[in-house]
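Report on the following structure.
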Amino acid sequence: QVQLVESGGGLVQAGGSLRLSCAASGTTFSADIMGWYRQAPGKQREFVASISSGGSTNYADSVKGRFTISRDNPKNTMSLQMNSLKPEDTAVYYCYVVIFRNYWGQGTQVTVSS
């Protein structure tokens, strides 16, 4: 059973930075896709960023130029570097991986104060 462990959330002032990490365990297969979604209070979960096993990346328009996703294929780990954070980035961030099916982490809270 694939398990995902997220880390790196917290409280930061607007304009600051945070780095989220996600580690997948319980599998010998490299994830096809790894990525992040987020869910703010009262809103639907929304796509943030993804990266393929080949290194192709996709970003939501709202985070382009501020967030950078990266991964370490042999270790099945992924990071999301978040710079120039805004209060509207406040949400629970969920990592996900695709290894024959989707797996989700438990989420990590990111709070950006104004």
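Some values worked out for this structure:
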| quantity | calculated |
| --- | --- |
| Separation in nanometres of the label points that stand 7 Å from Cα toward Cβ, at SER17 and PHE29 | 3.5 nm |
| Residue order for LYS75, LYS86 - accessible surface, 1.4 angstrom probe, largest first | LYS75, LYS86 |
| Accessible carbon and sulfur surface of the chain relative to its total accessible area, %, 1.4 Å | 47 percent |
| Accessible area per residue in Å² at 1.4 Å probe, computed on the stretch 29-73 | 54 Å² |
| Inter-site label distance for ASN83 and SER53 at 7 Å from Cα along Cβ, in nm | 3.1 nm |
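The values are calculated or read from the model by the stated rules, or taken from the named source; none is laboratory data. Owing to the predicted nature of the structure, the values given are computational and were not obtained by experimental measurement. Neighbour counts run over all protein chains shown; Cβ positions are idealised from the backbone, glycine included. Surface accessibility is based on the protein's heavy atoms, side chains included, excluding ligands, DNA and RNA. Shrake-Rupley method; radii C 1.70, N 1.55, O 1.52, S 1.80 Å.
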